[in-house]
Structure formats: C-alpha cells, structure tokens
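Visitor: Before I ask anything, here is the structure I am working with.
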Amino acid sequence: MKNIPWSYYQLFLAVIRHGGLSGAAAEHGVSPATAGRHMLDLERRLGRALFVRSQRGYSLTPEGETLNALLTGADGSFRRIDDWRGEAAAPQLVRLALGTWNAFLISAHIGEICREDDPFRLQLLVGEARASLAHRENDIGIRSFEPEESNLAALRLGTVAYAPFRARNAPPSAGQRWIAVTREAAISDYLKWPHEARASAIVLSASRPRTMLDLVEAGAGIAVLPCFIGDTNQSLARAGAVIGDLSHGQWLVLHDEERHRRAVRRVADRLAKFMRARLALYAGKRADSEY
C-alpha cells in the first residue's frame, strides 16, 4: 500500500457501499469519471484486478474481496486520521515536560505561563524521568542537569534544595516515622535518600512522589521534599536542615530548532521569568517574594 493515497482506499470502500461510481463520486465530491480513473490507478498500483465492471455496476473480484477484508474497520480509522489532520487548523500546541513538583507549583500559578488570549495550547507532560527533547518529543523541558545533547539549548535557573518536612500539628511520634516512594519509583537522588539514610525508619511508602505530600500533611510522618514545595505549604514545617548533598542545578531546555517558534519562545520566556522570581525559594532560602 506504499505510495497509494489514503483517499483511494476510502473511495474503494465507497464504491463497494454504493455498488458503483456515481454514488461514491458524489460522496467524495468528484466526478464519476475521476472516480473511475482513481480506481483504475489503484488497481494498477496494486497489480491486481479489484472489480468486475458491468452495466449493472461494480462487483468485487476475489482480489477485491481480499482488499475489502483487509480494510474492514479502516473507514473509521481514515475519518479519525482526517480529524487529526484537521487539528492543524487549531491553535498550535506547545509541549512542556517537567517533574511532579514543578508541575505542582506552576499549576498553582498557571496564569503566569498560559493566558486566555494566547494563540496556542499548552500541554504539561509530567513525570520523574528525564525530559526528552532531542527528537522533538517535547518543545520545552525542565531538567535537573545540564543537557549533553548538541541540538538542545539550555538556560540555568538556579539551584533546587531539599529538606525533611513534617506537619506542623503532627504528634511527637511522627518525628520517628519516615515516608518515601517505593524503591522502584526512587529514580531521583532525593527519592533514594530515605532508603539510603533512613531505611529502618520508613513506615509508609507510595508509588508516586505526590502521595508523600498528602501523607505528610495528614501527620503520618516525615518526608524529603523540595524546599519550594514544603516552604510554601502553611501546614508544613521543616523537620531538619537542608540536605546539602541533594541540591542540584535546574535548567530550562529547548530544542535548538524549535526555540525560535514564537509560541515556544513565549512560553519559555514566561517560565524563565517565573522561575527567576523564585530563585531564593528554589534554593531553600525562604524567599520573601509572592509565591
């Protein structure tokens, strides 16, 4: 089926439905003569006779029956593909890949990144794995290390610090109880730290980092969190000093060719402004600015 237009297969199915060229041609907005030429071209490209042509109309040859069986259900797929192609007329999409906690903070202030009158759509792709941009899987990423890929542009935006946090109203016993993600989910250094430094004290674990915050807020124990999350939560208090070994830089990353696209540049500029205004907060210095 290589190099054969999808429209030929759609027209083929229409000819079967209508039993001839006239109805199929009307359905596809072409003349019966054009529809006939397209079907002859389809047969030529496939090297198979698909129709028995007669004054009564078109009927299928055994080869035509085989193709019809192969295309069973494909008509709906063709329509879905047409709908997908039609999305090109919609506002362009900007894909932002980021971690759990930056997504948490940015979502609370989304108006600073995405506005009602923007001529684009923004998609947040949230996960703990490294933001992938080298093959344009995403347009913008926030990473915890400087990219090595030669086709990526990066801007360093400060340092991220981590500390243990507990609920302000937690009972004294909560100070001996630690919360962590499961070992399988611990792919970042701060997630690994409780397993390495407080393994015997872990009493609760979860498969997602976000659940740790819920458990800490409920007074279930202590968890290591980014300072920009714990320090902005009025129900939490630090349960210890910043863990220096966990601090790392933070980079805003863009594909070198995509960064000149106006929508991508606009989102990247707003993100940079947003994060620069919170450099002290990210670094665990309890910034005085609004957040």
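The values are calculated or read from the model by the stated rules, or taken from the named source; none is laboratory data. All figures in this text were calculated on a predicted structure; none of them were measured in a lab. Please note: Cβ atoms are built from the backbone with ideal geometry, for glycine as well, and neighbour counts cover all protein chains shown. Heavy atoms of the whole protein, side chains included, go into the accessibility calculation; ligands, DNA and RNA do not. Shrake-Rupley method; radii C 1.70, N 1.55, O 1.52, S 1.80 Å.
Visitor: In segment 1-56, what residues are among the small types (Gly, Ala, Ser), closer than 21 Å to ALA69 by Cβ, out of contact with any Ser or Thr (no Cβ under 9 Å at 6 or more places or on another chain) and touching a residue at least 12 places away in the same chain (Cβ under 8 Å)?
Guide: Of segment 1-56, the ones among the small types (Gly, Ala, Ser) are 7, 14, 19-20, 22-26, 29, 31, 33, 35-36, 47, 49, 54.
Right, trim to closer than 21 Å to ALA69 by Cβ and you get 7, 14, 19-20, 24, 47, 49.
In the following step, the residues that additionally are out of contact with any Ser or Thr (no Cβ under 9 Å at 6 or more places or on another chain) were identified as 7, 14, 20, 24, 47.
Within segment 1-56, SER7, ALA14, GLY20, ALA24 qualify.
Visitor: Suppose the filter is farther than 21 Å from THR159 by Cβ, surrounded by 16 or more Cβ atoms within 10 Å (Cβ to Cβ), touching a strand residue (DSSP E or B) at 6+ places or on another chain (Cβ under 9 Å) and at pLDDT below 95; does HIS255 pass it?
Guide: Spelling it out, HIS255 is indeed farther than 21 Å from THR159 by Cβ, surrounded by 16 or more Cβ atoms within 10 Å (Cβ to Cβ), touching a strand residue (DSSP E or B) at 6+ places or on another chain (Cβ under 9 Å) and at pLDDT below 95.
Visitor: For the list (1) within 29 Å of the chain's Cα centre (by Cα); (2) under 21 Å from ALA108 (Cβ atoms); (3) open to solvent by 50 Å² or more (accessible area, probe 1.4 Å), I need the number of the one condition that ARG262 fails.
Guide: Exception for ARG262: condition (2).
Visitor: Just to verify a result, which residue in segment 264-287, among those that are among the small types (Gly, Ala, Ser) and outside any helix (DSSP H, G or I), is nearest to CYS114 (Cα to Cα)?
Guide: Selected residue: ALA277.
Visitor: Right, next: Within segment 9-59, take every residue that is among the β-branched types (Val, Ile, Thr) and assigned to a helix (DSSP H, G or I) and give me the one that is surrounded by the most Cβ atoms within 10 Å (Cβ to Cβ). Give the derivation first.
Guide: Step one: of segment 9-59, the residues among the β-branched types (Val, Ile, Thr) are 15-16, 30, 34, 52.
With assigned to a helix (DSSP H, G or I) added as a condition, the list becomes 15-16, 34.
Numbers: VAL15: 28, ILE16: 20, THR34: 14.
Filtering first and then ranking leaves VAL15.
Visitor: From the list LEU191, LEU215, which one is under 22 Å from HIS248 (Cα atoms), among the aliphatic types (A, V, I, L, M) and under 29 Å from the mean Cα position of the chain (by Cα)?
Guide: LEU191
Visitor: Within segment 200-210, take every residue that is in contact with a strand residue (DSSP E or B) (Cβ under 8 Å, 6 or more places away or on another chain) and under 23 Å from LEU98 (Cβ atoms) and give me the one that is surrounded by the fewest Cβ atoms within 10 Å (Cβ to Cβ).
Guide: First pass over segment 200-210, keeping only residues in contact with a strand residue (DSSP E or B) (Cβ under 8 Å, 6 or more places away or on another chain): 201-209.
Add one more test, that the residue is under 23 Å from LEU98 (Cβ atoms), and what stays is 206-209.
Details: ALA206: 17, SER207: 10, ARG208: 13, PRO209: 24.
Per the stated criteria, the residue is SER207.
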